[in-house]
Amino acid sequence: MAFRILVGFFGVVLLVFALVPILHSLRGQSIKDYFVWYETGQQVLHGADVYPNQWHKFPFMYPPSCALLLAPLSALGKTGLVASLVLFNAAAWICSIIFSVRLATGEKRRAHLLVYFIPSFVVSVFVWSNFLLGQPSLVLLALMLGAFLALQKRFNVLAGFLIGLAAAIKAFPVLAIVYLIYRRWWVATIALVLTLVFLLIVAPIPVRGYAQTKQDLQRWSSGMLFKYDEKGVGQREGRSNSWKNQSIWGVSNRLLRHVEYNHSYRRHTPRYANFANLKFTMVNALILAAGLLLGLTFIAVMPAATQRTPETDAIEFALLLLLILIFTPLAFGYLFVWLLYPLTVIVQRLVASRPSRATLLGLTIAAIALLSLSVPFRSRAQTYGNTLATTLLLFLALAIELWRMKKTTYALRSVGRGQGRATSKSPPDGGLETAVP
């Protein structure tokens, strides 16, 4: 009965989230980023330039492959495009919840009610932002979670394709390739690369022609992918250092350099939040050092390939998503809908019948408390990186949990081997085939 009530409540919320942008379009009101997606799709259909030359700001900042995918949707008209993207987001939210629970529990059966409710409740504001603005973060999350499930089932080609598709929509998921290489999932890695080659180069040629396809890729790469300097990232000069950007790049630059944090407003009095005035190169050195520290931490807590289980995989995948969030150059609020999955893993571990999880619970409460500061102190809290701090705390909580599981497993296996040497009746490895949570 309680589960049916929860599903009904979710259905009402989903319906409201979906109807608002559609009604805005029908009434001629602002449709936020949906209008950019429509204009971009129309430009592709009419053979116009998607990316202007270097002297003009890009209206559309996503990869050329994303523009190609928007073209057929724009042929449906503005409201048709809005309705289509809303349906994609709705399906992605449902899939993200189901995939998250499946990965966190390792089972197909229904999980505890709180595992469904708490994560979506915590990230509901970010979900709403995706629907209202027309952002694809929910779709990207569903694709990444689908890839993780495929990796567990050894459907490596599918996993690489799904991550490649996510990266073709918005570039940052390509960071997952480092993880695939480290885990030696070579087939998935090759599938990812081939998917990107096809969607970025091969598929656009019949529509855009070779010359236009080459120009699109060159302009986007130079204007967005490889553009980072003292002014900011890509086409987001100024705004990339504003309070809205919660990536480690944005937070570090505005707190450690004398750059204003409210640059996104046209008319404003410059405001600063920095408590140091370091050189740009020094800030980047500190960011890279943080990246090295977090990356080594991730590697240290990861179990060996022979020790992996569905439970360790669930935490490992969550840590990967958190690292991608932290180091994505532009991480605005709607992107943190990705916290849905790490929170699902945490709630599942807390509600399951296992030993005390005081550290996991304490760090999670602290993280959610930090995140909630955005409600009463929206710009001030985000200026000082409360969302980034939340992500870091969740990373720490899950890293400690995975490390504890890893050490417990190794200890029990060592005991099992000792007993095996003492008596021939015991199996060589103590009969342990999975990690003990």
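The values are calculated or read from the model by the stated rules, or taken from the named source; none is laboratory data. These figures come from a predicted structure and were not determined experimentally. Cβ coordinates were reconstructed from backbone atoms using ideal geometry, including for glycine residues, and neighbour counts include every protein chain displayed.
A few remarks follow.
This table checks each residue for (1) of a type in the set (A, V, I, L, M, F, W, C); (2) in contact with a Phe, Trp or Tyr (Cβ under 7 Å, 6 or more places away or on another chain); (3) surrounded by 16 or more Cβ atoms within 10 Å (Cβ to Cβ).
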position: Tyr228; (1), (2), (3): no, no, no
position: Gly232; (1), (2), (3): no, no, yes
position: Ser242; (1), (2), (3): no, yes, yes
position: Arg254; (1), (2), (3): no, yes, yes
position: Glu260; (1), (2), (3): no, yes, yes
position: Arg271; (1), (2), (3): no, yes, no
position: Ile299; (1), (2), (3): yes, no, no
position: Ala305; (1), (2), (3): yes, no, no
position: Ile324; (1), (2), (3): yes, yes, yes
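- The condition (being out of contact with any Pro (no Cβ under 9 Å at 6 or more places or on another chain), part of a helix (DSSP H, G or I) and modelled with pLDDT under 95) is satisfied by just one residue among Arg4, Arg102: Arg4.
- One residue stands out in region 215-234 among those that are in contact with a helix residue (DSSP H, G or I) (Cβ under 6 Å, 6 or more places away or on another chain) and in a loop (DSSP other than H, G, I, E, B): the one that is modelled with the lowest pLDDT, namely Gly234.
- Qualifying residue in region 260-280 (condition: closer than 23 Å to Trp249 by Cβ and of a type in the set (Asp, Glu)): yes
- Every residue from region 49-60 that is within 19 Å of Leu199 (Cα to Cα) and surrounded by fewer than 19 Cβ atoms within 10 Å (Cβ to Cβ): Asp49
- Selection within region 20-70: residues that are among the polar types (S, T, N, Q) and part of a loop (DSSP other than H, G, I, E, B). The member of this set that is farthest from Ala168 (Cα to Cα) is Gln29.
- Where Gly80 falls short, out of the listed (1) in a helix (DSSP H, G or I); (2) in contact (Cβ under 8 Å) with a residue 60 or more places away in the chain: (2)
- Yes/no for Leu73 being in the same structural domain as Phe3 (by TED's automatic domain parsing), in contact (Cβ under 8 Å) with a residue 24 or more places away in the chain, under 22 Å from the mean Cα position of the chain (by Cα) and in a helix (DSSP H, G or I): no
- Qualifying residue in region 333-340 (condition: assigned to a helix (DSSP H, G or I), more than 24 Å from Val251 (Cβ to Cβ) and either at pLDDT below 95 or in contact with a Cys (Cβ under 8 Å, 6 or more places away or on another chain) (or both)): no
- Conditions (1) modelled with pLDDT of 95 or more; (2) farther than 25 Å from Gln212 by Cα; (3) out of contact with any Ser or Thr (no Cβ under 7 Å at 6 or more places or on another chain); number of the one not met by Glu107: (1)
- Single residue of Leu113, Leu138, Leu132 found to be touching a Lys or Arg at 6+ places or on another chain (Cβ under 7 Å) and farther than 16 Å from Asp313 by Cβ: Leu132
- The lone exception for Ala191 - which of (1) touching a residue at least 40 places away in the same chain (Cβ under 8 Å); (2) in contact with a Phe, Trp or Tyr (Cβ under 6 Å, 6 or more places away or on another chain) it fails: (1)
- Considering region 351-377, and only residues there that are surrounded by fewer than 14 Cβ atoms within 10 Å (Cβ to Cβ) and in a helix (DSSP H, G or I), the residue that is modelled with the lowest pLDDT turns out to be Ala358.
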